[in-house]
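The values are calculated or read from the model by the stated rules, or taken from the named source; none is laboratory data. Remember, it's a predicted structure, so these values are computed and weren't measured experimentally. Because the Cβ atoms are built from the backbone with ideal geometry, glycine has one as well, and the counts that use them run over all protein chains shown.
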Amino acid sequence: MWLKAPTNIELLSNQVHIWRENLDNAKPLLEEFTQILAEDELVRARRFHFELHRQRFIAARGILRSILGRYLNIEPSKIKFGYEAHGKPFLDGITEQQWNSSHCDVRKQSHNSDLLQVAKSSSESNFNNKNLNFNVSHSENFALYAIGLNNSIGVDLECINSKTDVVSLAQRFFSPREFAVIESAPQEQQQQLFFRYWTCKEAYLKATGTGLKDLQKVEISLTAEQPAELNIPNISGEWSLLEMQPFSDCVATVAFTGRDLQFKYWDY
């Protein structure tokens, strides 16, 4: 299912690409990643109290820039992000001059550089492509990235914590029906069910750019045997949920618009 990504990556309009990485494996690249982050990202990194958390944040952002650079054919450092009201990042536009300059710079880089290796230009360059959508989630030392074209997309990844009081949290944050499903489930299934619900809700909220305050308004239909579906009047048909287990003891969900999409899964 998970494959090593080719150097020359291509994203078609009917595809969604999912990338995964263990952030602790990126420690040899931290110095390079630090050099390509924007000042606001470095400020955020410095706010972390623990060095391990700081390193993982730098790795997650550096990998995001590196991945997007492959699709956009530009140096990762030249990518600019904007942020919606609740913090969802988006591409803030890349001028043709920036793309041309960066493309020339990239061609001069060594072909052995994993960080700056990007796709060859095609007849239709991706500069300033506002249809490229992405979302990222990380939990503990793991990160998951979703990339798509012409569709809204959100992803959430959660490592299952056996010490979490999932019944109390479900009663507080979930709908009565969802709480009943978790409360009545065998104890050995409650953790998995809770985090499945949570990732489905948060992936949708991240895709729509709304905050977690609306968590209870997003109702999900799922069981231990059946995949998740959105249960929101008037809009459920526009959205789909894809559940996965990208790492051991972790669950994740991608929420997306569009139908008949092909998913590809890449190891960074």
request  = Could you tell me whether any residue of the stretch 216-223 is more than 22 Å from the chain's Cα centre (by Cα), of a type in the set (Val, Ile, Thr) and closer than 21 Å to GLU183 by Cβ?
outcome  = yes
query = Which of the residues that make up the stretch 180-202 are over 16 Å from VAL254 (Cα atoms) and among the polar types (S, T, N, Q)?
reply = SER184, GLN187, GLN189, GLN190, GLN191, GLN192
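Just give me the residues in the stretch 230-268 being assigned to a helix (DSSP H, G or I) and farther than 18 Å from THR199 by Cα, in sequence order. Spell out the reasoning first.
At the first step, the residues of the stretch 230-268 found to be assigned to a helix (DSSP H, G or I) are 236-238.
If the condition is that a residue be assigned to a helix (DSSP H, G or I) and farther than 18 Å from THR199 by Cα, then GLY237, GLU238 are the ones that fit.
Conditions tested, residue by residue: (1) under 19 Å from ALA252 (Cβ atoms); (2) surrounded by 14 or more Cβ atoms within 10 Å (Cβ to Cβ); (3) modelled with pLDDT under 95.
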| position | (1), (2), (3) |
| --- | --- |
| ILE58 | no, yes, no |
| ARG65 | no, yes, no |
| LYS78 | no, yes, no |
| THR95 | no, no, yes |
| GLN98 | no, yes, yes |
| SER102 | no, yes, yes |
| SER122 | no, no, yes |
| VAL136 | yes, yes, no |
| ASN150 | no, no, yes |
message = Name the single residue that is farthest from ARG172 (Cα to Cα) among those in the stretch 191-225 being assigned to a helix (DSSP H, G or I) and of a type in the set (Asp, Glu).
response = GLU202
task = Determine which single condition ALA224 fails, assuming it passes every other condition in (1) among the small types (Gly, Ala, Ser); (2) more than 30 Å from GLY62 (Cα to Cα); (3) modelled with pLDDT of 95 or more.
result = (3)
request  = Would you please name the residue that is surrounded by the most Cβ atoms within 10 Å (Cβ to Cβ), looking only at residues in the stretch 80-93 that are in contact (Cβ under 8 Å) with a residue 40 or more places away in the chain and in a loop (DSSP other than H, G, I, E, B)?
outcome  = LYS88
inquiry  = With the requirement that a residue be in contact (Cβ under 8 Å) with a residue 40 or more places away in the chain, out of contact with any Leu (no Cβ under 9 Å at 6 or more places or on another chain) and part of a helix (DSSP H, G or I), what does the stretch 174-190 give you?
reply    = ARG177
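A quick yes/no check of all residues on (1) in the same structural domain as ILE235 (by TED's automatic domain parsing); (2) under 20 Å from SER184 (Cα atoms); (3) assigned to a helix (DSSP H, G or I); (4) not hydrophobic (A, V, I, L, M, F, W, C):
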position: LEU144; (1), (2), (3), (4): no, no, no, no
position: GLY148; (1), (2), (3), (4): no, no, no, yes
position: ASN161; (1), (2), (3), (4): yes, yes, no, yes
position: THR164; (1), (2), (3), (4): yes, yes, no, yes
position: SER168; (1), (2), (3), (4): yes, yes, yes, yes
position: ARG172; (1), (2), (3), (4): yes, yes, yes, yes
query = What's the number of the condition TYR197 fails, among (1) in contact (Cβ under 8 Å) with a residue 40 or more places away in the chain; (2) closer than 30 Å to ARG65 by Cα?
reply = (1)
message = Anything in the stretch 13-36 that is over 18 Å from the mean Cα position of the chain (by Cα) and of a type in the set (A, V, I, L, M)? List them, or say none.
response = LEU29, LEU30, ILE36
request  = Could you pull out the residue among ARG54, ARG61 that is touching an Asp or Glu at 6+ places or on another chain (Cβ under 6 Å) and in a helix (DSSP H, G or I)?
outcome  = ARG61
